[in-house]
1. What is the spin-label model distance, in nm, from residue 143 to residue 126 if the labels are put 7 Å beyond Cα along the C-beta direction?
2. Could you compute the FRET efficiency for residue 78 and residue 217, with r as their C-beta to C-beta distance and R0 at 30 Å, rounded to 0.05?
3. Could you give the length gained on full extension between residue 51 and residue 246, defined as 0.36 nm per residue of separation minus the Cα-Cα distance, in nm?
4. Can you put 74, 99 in order of Cβ neighbours within 10 angstrom, beginning with the fewest?
5. Sticking with the crude label model, points 7 Å out along Cα→Cβ, report the distance from residue 269 to residue 102 in nm, one decimal please.
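Coordinate-derived values only; no laboratory data. All values derive from a computational prediction rather than experimental measurement. Neighbour counts are summed over all protein chains in view; Cβ atoms, including those assigned to glycine, are modelled from backbone coordinates with ideal geometry.
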Ligand SMILES: C[S@@+](CC[C@H](N)C(=O)[O-])C[C@H]1O[C@@H](n2cnc3c(N)ncnc32)[C@H](O)[C@@H]1O
C-alpha cells in the first residue's frame, strides 16, 4: 500500500527527538500529526467544564505536560467546539463499550489514535488494545503515556501499511476505530484500507467518522483557518450517498454499513439542534460529520446484509 509522506520537525534544541524541559515535553509536529493536538486541546477544555460531557482528566494532564502554544496556535477554544470534540469521543466510547459488552476479551485497534486517552476511559480490565499512529506520534505517546502492557500496546506505522493487521487475534471479537483520521487520506487510500480490513479481519468491524463530501471539496479549495492563522490540512475524503454505496461495494465481505448518532450534549445546540440535523430530511445533508460503522462478515465469503445481531438490550441506543 502507498505510504503517506509524513514530516515531523522536532524543536531544533531537542536534538532530533522530543525534549523535556523541566517537566514539559517540547514538540513541533508536521501538519497531519499536529491535528492530534487540536482534538486533545478541545477535549481537555471540555474536560475542565464542571458539567463536562466527557470525563477525561488525562487530556487535561497531557495539555499541561506538553510545551506547545495551544492558545496562540489554535486560538481560544469555543465552548461549542470543545463540547463537539468530546461528544465525538463519547460516541466512540459508547460504541466500544457496546462491543465490549458482547466481547469482554475483545481487541480494539485504534488507528490514528494521536494522544487519545480512550483506553483509560473504556478499559474493562480485559480488553486488548492496539494504538497505531505514525512513528513520531507513537514516540511522543510512549514518552507521555507509556503503554500499559501486556493488554495495551502501540505500533509505529502508517495505517496504510498493513503490518498492523498481522497477528491480530479476532477470535474474541475485533473492533477497529478511526476517529479524525480517514478525512486526511485520499479516497483510493480509504478504499484500500477498508477493503483490506474486510479481507483480513473477518467478523470484525470498523468504526470511523467522516466529513461530508461537500465539506471535503470546500476544504481542498479554500483551506480552513482559525482566526489565529492556524491552517488545517485539507480533508481529502468525504462521504455522501454515492460514496456510502461505493464503500458497500468495495468488498463482498462488507455486510453492513450504518450511521451512529452522537449522544445528546448540553445546551440547546447539542441537546436538540445537532440530533435534529441528523434526522430531519432536507437538513440532514448539512451536517458536518457522520459517525459510521462498517461490519465484516465472519469469513471471506459474501454474507447477507443485516447478518449482524442488534445491540444487547442492556446497552440501549441513543
Ligand atoms: C485529528 S488527529 C486524531 C487523533 C485522535 N484519533 C483523536 O481523535 O484525538 C489525526 C491522527 O491521525 C494520524 N494519522 C494521519 N495519517 C496517518 C497515517 N497514514 N497512519 C497513521 N496515523 C495517521 C495523525 O498522526 C494524528 O495522530
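1. 3.7 nm
2. On the way: r = 25 Å, r/R0 = 0.83.
It comes out at approximately 0.75.
3. 66.1 nm
4. Taking fewest neighbouring Cβ atoms as first place, the list is 74, 99.
5. So the two model labels end up 3.4 nm from each other.
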